[in-house]
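What follows is a set of notes on a single structure, which appears directly below.
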Amino acid sequence: MSAVIETTGLGKAYRRGLTGRHWALRDCTLAIPAGRIVGLVGPNGAGKTTLLNLAVGLLTPTSGSIEVLGRRPCGHGGGQGRVGFVAQDTPMYARLSVADHLRLGGWLNAGWDAALAERRIGELGLDPGQRAGSLSGGERAQVALTMAIARHPELMILDEPVASLDPLARREFLGSLMEAVAEHGASVVLSSHLVADLERVCDYLIVLVASRVRVAGDVGELLAAHRRLSGPRRDPGTLPAGQHVVGASHTDKQSTLFVRCDEPILDPSWTVRPVTLEDLVLAYMSQTRSRGAAAPGRGARLGVVS
Amino acid sequence: MIRLSLRQLRGQAAAAAAALAVVAVVLGAAAPHLFHLYDASGVATCRAHDDCVPLATSLVNAIPGYYGIAYFCGIGIAFALPAAIGAFWGAPLVSREYETGTYKLAWTQGVSRGRWLAVKLSVVGLAAMATSGLFSLLLTWWSGPIDTATGLKEGTSVTFIRLGFVLFATRDITPVAYAAFGFALGVAAGLLIRRTVPAMAVTLVVFVAVQIGWAVAIRPHLIPPAHTVVALSEADLGNLGIAGGVEIVNPPAAALQPGEWILSTQTVDQAGHVLDVATVSQCRGSNTQACQAALVPLRLRDVIAYQPANRFWAFQWYEAAIFLALAVALAGWSAWWLSRHRVT
């Protein structure tokens, strides 16, 4: 499996005061596969934006290394020719029009597909003469997506592209993204703290909590490999080998376990239910929250990168 | 990238062009009358007849007061323009990208940050210099008759000679270099501070400090001053003054040419020792004659360090070259800094 983004021990620290440091991302090692629509999900502050900004060269690593499409992002020669980026909150020049932004894309990028960009804006029903400052959040996101697509990127990176959109705009945006990917076939990395958004579009999931990959894998495989078990109260430690407890909750008489298992659950005392993507993400996120950073290795072990 | 810079400059450039057009119309409307007054006054040929002082004085008196207002407004604008260019064109250039988040858009396209800034610096910097240059050209042309007359008339202060700090900094080519420097300073401040308003404030403070510090401490020594020794007659000894915190005998007016920039005047005795007239006991009281009588045997002379008026253009070129070099250095540093530090 070739990787579009590969990091090793990647860390980014910000200076805090004169001597202090605040690590926004620390010791992050991951590989994001090519040819997939990858959802990068995690709570606020997990380091998603930092990771993506490192990937597009807006930040430089404090430690470790990152390679995007096989090379360090934004070498001194510069440019992000093969990477299309849609930044968080899709910033635009408020006083420039939509058409100006498309021209800007043409001026700053070799291989800009002006016809594609204009066609997309037309299809969206946007007025090219309208100033970007008066666009709605959804329209702005669509223009930003258009600018990214018209570069014919090998990789598209979208940082929380729908976080500030209303549900309808969110659905339309993700629909556009899917169409564009189907048409042009770029790899996509999309971050979000909302699982529901990712469920609709992603076929690969990475859960990032406190800079660590908690779980990563094909969405279908992840869903197939996880089960929710409920039954009489019992110690999670007594489960057979091959069943890893991701999360557990207990009442006086009953236990509910969230397990990863590669084989069918045979124990008849359990009621076995399939899980949704949201269950899965929440289970991995709260696992970390309850155990804290003291045992990061456990989550990493459970989250076998496929 | 050049086209993007031009597109983003469009609003500012239009405002600058409109302002220049207003200045051109105002000054142009007043020019025929002003130049007529000048031609009619005979000041242009006064040196041949050695009657410059009365002719220039009567010309200054004949110029209507509202021309004087325009003249001083022009000086004020010429002082403010490079600082304003630094604050309003330079400081926001990068800091506004940070404030609005658009750096994420601009610096993730197919052009490197270093090149992005280099082109923006060149395009907007050249526009700043062109604006400043056109204004200076207009102002220097229109103010020429008044500059000449005030420089020749009786009792002109050192401030209003062409080498004085007011006219020197607001005429000919130095304003262009100041504009380039102010702009580059603003860009560097915006790059480091990343917030527009504080960057504008820092730009203004630093620019004004540099201007004042330069005029006071550095400009007088750009070229080593010339010296002249003036013998003092008995009549001259009654005219005392203060120079450099020391009481001196003022040199006779005839010893000075108009437009000379006097840096220092020292009164020395026949042995060549600097004399503070205040130390002569007869000169402490109000008895001028006793003082004069006491000074006569000392055979005093004045040693004057000055910059001759004909060094005006040498000073202009030196100073313009230095400020342009400072601007280029600041701009180069900014482009280097931005391409080195991947910043958010």
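We did not get these values from a lab; they are worked out from the coordinates using the rules stated. This is a predicted model, so every value here is computed, not measured. Cβ coordinates were reconstructed from backbone atoms using ideal geometry, including for glycine residues, and neighbour counts include every protein chain displayed.
Here are the numbers for this structure:
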{"item": "Derived scalar couplings ³J(HN,Hα) [segment B:104-117; Karplus, 6.51 cos²θ - 1.76 cosθ + 1.60; whole Hz; x for Gly, Pro]", "result": "5, 7, 5, 9, 10, 8, x, 10, 5, 4, x, 5, 3, 6"}
{"item": "Calculated from backbone phi, Karplus (6.51, -1.76, 1.60) coupling profile of segment A:7-14 in Hz, x at Gly/Pro", "result": "10, 10, x, 5, x, 9, 10, 9"}
{"item": "Residue among B:127, B:238, B:138 farthest towards the positive dipole end of chain B, charges placed on Cβ", "result": "B:127"}
{"item": "Part-to-part distance (alpha-carbon centres) for segment A:139-211 and segment B:271-344, which is given in Å", "result": "66"}
{"item": "Cut-off under 5 Å, modelled amide H: who pairs with residue B:264 long-range", "result": "B:305"}
{"item": "Simple label model, 7 Å out from Cα along Cβ direction - residue B:337 to residue A:123, nm", "result": "4.5"}
{"item": "Cβ neighbours within 10 Å from other chains - mean over A:86-98", "result": "4"}
{"item": "Burial order of peptide ranges A:156-163, A:265-272 (average beta-carbon count within 10 Å, highest first)", "result": "A:156-163, A:265-272"}
{"item": "Estimated vicinal HN-Hα couplings, Hz - segment A:86-94 in sequence order (Karplus 6.51, -1.76, 1.60; Gly, Pro = x)", "result": "10, 7, 4, 6, 5, x, 9, 6, 4"}
{"item": "Mean separation of Cα contacts under 8 Å, 6 or more apart, over the residue count of chain A: relative contact order %", "result": "19"}
{"item": "Cα centroid separation - segment B:176-245 against segment B:1-55, whole Å", "result": "25"}
{"item": "About the Cα centre, charge dipole magnitude for segment B:226-310 (Lys/Arg +1, Asp/Glu -1 at Cβ), debye", "result": "80"}
{"item": "Any cysteine of chain B lacking a neighbouring Cys Cβ under 4.7 Å - listed by number", "result": "B:73"}
{"item": "Residue B:328-residue A:8 FRET efficiency (beta carbon distance; Förster radius 35 Å; 0.05 resolution)", "result": "0.30"}
{"item": "Relative contact order of segment B:226-310, pairs being alpha-carbon contacts under 8 Å that are 6 or more residues apart, as %", "result": "43"}
{"item": "In segment A:162-260, trypsin sites (Lys or Arg not before Pro) in a DSSP loop with at most 14 other beta-carbon atoms within 10 Å", "result": "A:233, A:253"}
{"item": "Cα centre as origin, Lys/Arg/Asp/Glu Cβ charges: the protein assembly as shown dipole, Debye", "result": "1900"}
{"item": "Of all DSSP beta bridges in the protein assembly as shown, antiparallel share, percent nearest 5", "result": "75"}
{"item": "Helical mean residue ellipticity (222 nm; -39500 (n - 2.57) per DSSP H run of 4+; nearest 500) of chain A", "result": "-9500 deg cm²/dmol"}
{"item": "Using a Förster distance of 56 Å, the FRET efficiency for residue B:221-residue B:30 (Cβ separation, nearest 0.05)", "result": "0.90"}
{"item": "Most mobile of B:146, B:262, B:223 in a GNM of chain B (Cα contacts under 10 Å)", "result": "B:223"}
{"item": "Calculated FRET value between residue B:47 and residue B:99, using beta carbons and R₀ = 60 Å, to 0.05", "result": "0.55"}
{"item": "With Cα atoms, 0 to 90° folded angle of helix A:98-108 axis to chain A main axis", "result": "90"}
{"item": "Chain A: most fluctuating residue of A:277, A:174, A:104 per GNM, C-alpha cutoff 10 Å", "result": "A:104"}
{"item": "Amide H contacts under 5 Å for residue A:158, placed H, 5+ residues apart", "result": "A:86, A:189, A:190, A:191"}
{"item": "Å³ per residue enclosed by the Cα convex hull of chain A", "result": "157"}
{"item": "Within chain A: Cβ-based charge dipole about Cα centre, in debye rounded to nearest 20 (Lys, Arg +1; Asp, Glu -1)", "result": "1180"}
{"item": "Separation of the residue A:221 and residue A:254 label points, Cα + 7 Å toward Cβ, nm", "result": "3.3"}
{"item": "Other-chain or far-sequence residues with amide H under 5 Å of residue A:209's (modelled H)", "result": "A:214"}
{"item": "Computed over segment B:226-310, Cα set: Rg, Dmax in Å", "result": "12.7, 41"}
{"item": "Paramagnetic reach from residue B:276 in segment B:235-255 [backbone N under 18 Å; point 7 Å along Cα→Cβ]", "result": "B:240-250"}
{"item": "Degrees between helix B:174-193 axis and first principal axis of chain B (Cα, 0 to 90, nearest 10)", "result": "50"}
